[in-house]
Structure formats: structure tokens, C-alpha cells
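Bear in mind these aren't lab numbers, they're just calculated from the coordinates by the rules spelled out. Nothing here was measured: the structure is a model prediction, and the numbers come from that model. All Cβ positions, glycine included, derive from the backbone under ideal geometry; neighbour counts span all protein chains shown.
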Amino acid sequence: MFSGKVFLSSVGLACCLILSAQDSTSVMPKKNYTTKSVGGNTPPEIDGILTDSSWGMVEWGGDFIQRDPIEKAPPTQQTRFKILYDDKNLYVAIHCLDTEPDNIVKRLSRRDGFEGDRITILFDSNLDLQTAFAFTITAAGVKGDEVVTQNGNNWDPSWNPIWYVKTGMDAEGWTAEMRIPLSQLRFGKTREQVWGLQLSRMYFRNNERSEWQFLPRNAPGWISEAGRLYGLLDLKKQKQLEIQPYVVTSLETYEEEKGNPFIDGSDAKLNGGIDGKVGITNDLTLDFTVNPDFGQVEADPSAIALDGFQIFFEEQRPFFVENKNIFDYRISNTMAGDTDGSDNLFYSRRIGRSPRHPRRYMKGNMRSNRKRLRYSVRLSSAEKPGTGGPLVYWKVSPRRNMPE
């Protein structure tokens, strides 16, 4: 009799666990937001103050749900937003409500720093449920932008599109006003567009995250579970043309060596190149580069290598940043060697690097001199066996005992 009770209790417990699991993985209904075109009205001025008359054309979206730390609970502070568009831009107004505006955490950081109170808006403009464009703004006005792929499993912060945002404060919290050029996004050419849409707010004081379209922690993906953005009609093909040329010159002077034409006291160098982007269609862009230069982008952080292994820096050059996930061939998902699972077969920073030569180190100091290499080219002629004709070949070899 006792064993029977134990059996029934076990069955009951298993049923409760199954029902609980089904509840946590239940499909959440998709939220929808409908935008409108600005039309002939004056578009909003991007100043962080949400008093423009054009914002009255659309309703507020909101009703965020907490994800962390308490799943499905109402957030401590609510958030609301509006979206408009015209032929060239998307306009986004966000109001992050806060009953204690003096305690809002505003921290300055570099781009993509993600410090303090912040909010992210994500557009799946192709509605492929796998890729999206994310735009983040902090209460301090620091921008962040990422290309999201693999249904939210890969966030690439090296993408730096051109967009504009201002933040502000009022008695109800903090605000953000954005203008995102449509040329920075990729979308189809159908007359009526439907995009994926998600907003996620970090309430920093409570380490609390809330979302517009609730996403369970055990959801199969991030982008595929986003809500929907309707009302995008007759989006025009964007004429995108970006040209970034550069010219670099340098002059090095040193002591002249008499009788040596190669050491005449100065060396002048001139270098140049160009990066470009041409929008062919709304969802097809041609990127090109000629002689890409590392000196025209953000400097790498300082690093000291105490072992014999190469240091891998993040790619910053525009040509190699755009859609770089195409060449993302991950071969490790472990933490071995402090790589955080980032072992990759392709490293674009090796492309465009100046040729390297062997170096020698002098005893007694830490100065290094570049070894000068001399090469000889020998042209020889001999009789080809069996034909009586000449046999000509080239030979290139290092010349020894040359003066330094």
C-alpha cells in the first residue's frame, strides 16, 4: 500500500514538471506595431525632445514584460515607443519611464560600450528570422550598433553604420530620438513590407531586462521570436554611394652617406587608397577597396604578448567589416587558451599588411634593426641536351657577404 502511494506521488510530480515545462516553452503571441509615413508633414527634429507634432500620427507601443531576473513579471519601470518613416529614414521615439529620474545611471563610454541604463531596438528587415540590425542607445547618449546573425547567437559590434540619435531627460524618465537612414538597412522590394521588431531595455539599478516581445529564456532563438512591424508601404530604392579616399605621405631624414646613392639623407613615401560602397538594390550592396590602410581606422588597444603566440585584433576596416560573418569559420567552442571559442580559420587582418622581413636584435640594448637583404639575378645560357638549342633560365638567390 505504501509503495502504491509513492508511485502515485511520483506520477503526480512528473506530471507537474511536464506541465511546468510546457508552460515555460509555450508559444507567446506575436505583438504587432503599425507605423505610418510622415508624408507631407514635417519629420521629427532629432533633439531628444518628443514634442514634434508628427509623433502624434502614431500610437505608443509598450507593455514590456520582464525577462530577468523574474521571468514574465511586470517590469519595475515601463517603456513605450513610436516609429515613423519617410522616403529616406526611419524615425524612432523611445520614452523610458522612471519614477526616480535623478537616479538614472548615465555613464560615458566608447561606442558599443553598453554602460548604464540603455535600450536596444532590433529590425529584422528581411524577415528571414535569422539576421537583424540592432541599434542601442544609453541614457548618456552613447551609441551602439550590431549586426545580428544565426538567430541571435552572433552579435557583431564592429558594424558601424551612419545614424543619428539624441537623448534627453524629463520628469517621467529619459528619452531617445533616432533617425536611421534606410540606406543602412537591407530589405526587399515588395510594396508592403513586414519586418521583425524587438525592443529590449536594461534597467541598470536593478540589473533588470524587459522586452516588448517577451522572449522565454529557453526560446529556440532571438530573431525568430521577435514581434512584427507593419505599415511600411512603397519603400523606395535607396541610392547609396559612399567613397572614402585617403592619401598618406611621410618623410624620413637621416645622416647622408657619401658615395652611396641609396643613403642620400632622406626617404619620402606616398601612399593612397580608397574604400567604397555602392547600393545596387535595396538588398544588394557592392563593397570595394583598393589598398586598404590600417592607419585610417580606430587604433588597436595596447597589448603585450609574454608568450610566443600571435595577438588577434578586431577588424576595423570598412570593407572587411561589412558582412564579415560570411568568412566566419569557427572551429572551437571551448575556452581553451582564453579564446572564448573564437578560433577562426580566416583572419582578415593579414590582408593588406606590409611585407615583413627578418629582424636581428643587437646585444646590449632593445633596439632592432631591419636586416637589409640583397638579391642577385643571374641569367645563364647553356645548350639544351639533344637539340643543340639554347636553354635559358632565371635564378634568384640571396647574395652573401654584401656590405650592410
Just the C-alpha atoms of region 28-233: what Rg/Rh do they give, with Rh taken as the Kirkwood radius? 0.93
Obtain the nm distance between the two label points defined at VAL248 and GLN310 by a simple spin-label model: each point lies 7 Å from its Cα along the Cα-to-C-beta direction. 1.9 nm
Using Stokes-Einstein with the Kirkwood hydrodynamic radius over Cα pairs, what translational diffusion coefficient do you get for region 172-217 at 25 °C and a viscosity of 0.890 mPa s, in µm²/s rounded to a whole number? 173 µm²/s
Could you estimate the translational diffusion coefficient of region 178-301 from the Stokes-Einstein equation, with Rh from the Kirkwood formula over C-alpha pairs, at 25 °C and 0.890 mPa s, in whole µm²/s? 120 µm²/s
Long pairs among LYS72/LYS324; LYS31/LYS277; LYS106/LYS324; LYS36/LYS237; LYS88/LYS143, criterion Cα-Cα beyond 27 Å: LYS72/LYS324; LYS31/LYS277; LYS106/LYS324
Excluding LYS30 itself, calculate the net charge of residues whose Cβ lies under 15 Å from the Cβ of LYS30, where each Lys or Arg counts +1 and each Asp or Glu counts -1. -2
Please list, in order, the residues from region 271-294 whose amide nitrogen is less than 14 Å from a point placed 7 Å along the Cα→Cβ vector of ASN154. none
So if I take the centroid of the Cα atoms in region 37-81 and the same for region 245-270, what is the distance between those two points in Å? 60 Å
Amide H partners (placed H, <5 Å) of LEU197, local residues excluded: ASP124, GLY227, ARG228, LEU229
